[in-house]
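Notes for the one structure printed next.
The values are calculated or read from the model by the stated rules, or taken from the named source; none is laboratory data. Owing to the predicted nature of the structure, the values given are computational and were not obtained by experimental measurement. Heads up, the Cβs are rebuilt from the backbone with ideal geometry, glycines too, and the neighbour counts pull from every protein chain shown. Side chains are part of the model used for accessible areas, which takes the heavy atoms of the whole protein and leaves out ligands, DNA and RNA. Shrake-Rupley method; radii C 1.70, N 1.55, O 1.52, S 1.80 Å.
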Amino acid sequence: MTLSNLFYLFIVVLVAYALWNHLNVSRTARMFAKKHCESLGVQFLDQNIILRKLSLHRSPHSVFAIGRSYTFEFSSIGDRRYPGEIFLIGNRLKTIELAPYKAVIDKNHDIN
């Protein structure tokens, strides 16, 4: 095996690892978004998220980490889709933001 073949093999392995890592982070982001929607009583739609932005950030655990911003859709009462956004640094959750949405008001619940 020549040095150039070894270099090409290293590049292929590096790309495969980056793709595998990205899929794991995407799966983690989907899980966070779904659990957040469930905790608020809204429905996480289509069971998917869309990568919108990649960026480099300083991390307290390493020199740098990749920041990923994903969007997803949810519904509160089933009449309309609302956008949501989730931001991760590495595989750690930074923020989840949901657009303002209609909430179901329980008439049997006393506010006072």
Query - Burial order of peptide ranges 19-25, 89-95 (average beta-carbon count within 10 Å, highest first) - result: 89-95, 19-25
Report summary line: In whole angstrom, the spacing between the Cα centers of region 58-98 and region 1-49 equals 14 Å
Query raised in the report: Which angle between 0 and 90 degrees, to the nearest 10, do you get for helix 3-40 versus the longest principal axis of the chain when only C-alpha atoms count?
Result: 10 degrees
Requested in this report: Skip the ligands, DNA and RNA, and give the accessible area per residue of the chain with a 1.4 Å probe, whole Å².
Outcome: 76 Å²
Query raised in the report: What ranking do 80-88, 52-60 get when scored by the average of other Cβ atoms within 10 Å per residue, highest first?
Result: 80-88, 52-60
Requested in this report: Summarise the long-distance tail of P(r) for region 26-72 by giving the % of C-alpha pairs beyond 17 Å.
Outcome: 44 percent
Requested in this report: Pop out the carbon and sulfur fraction of the accessible area of region 9-69 as a percent, whole number, probe 1.4 Å.
Outcome: 65 percent
Report summary line: Diffing region 94-101: the Karplus 3J(HN,Hα) column from phi (6.51, -1.76, 1.60, θ = phi - 60°), in whole Hz with x for Gly and Pro, holds 9, 8, 10, 10, 10, 5, x, 9
**Report entry** Distance cut-off 16 Å, percentage of C-alpha pairs in region 28-112 lying past it
**Finding:** 56 percent
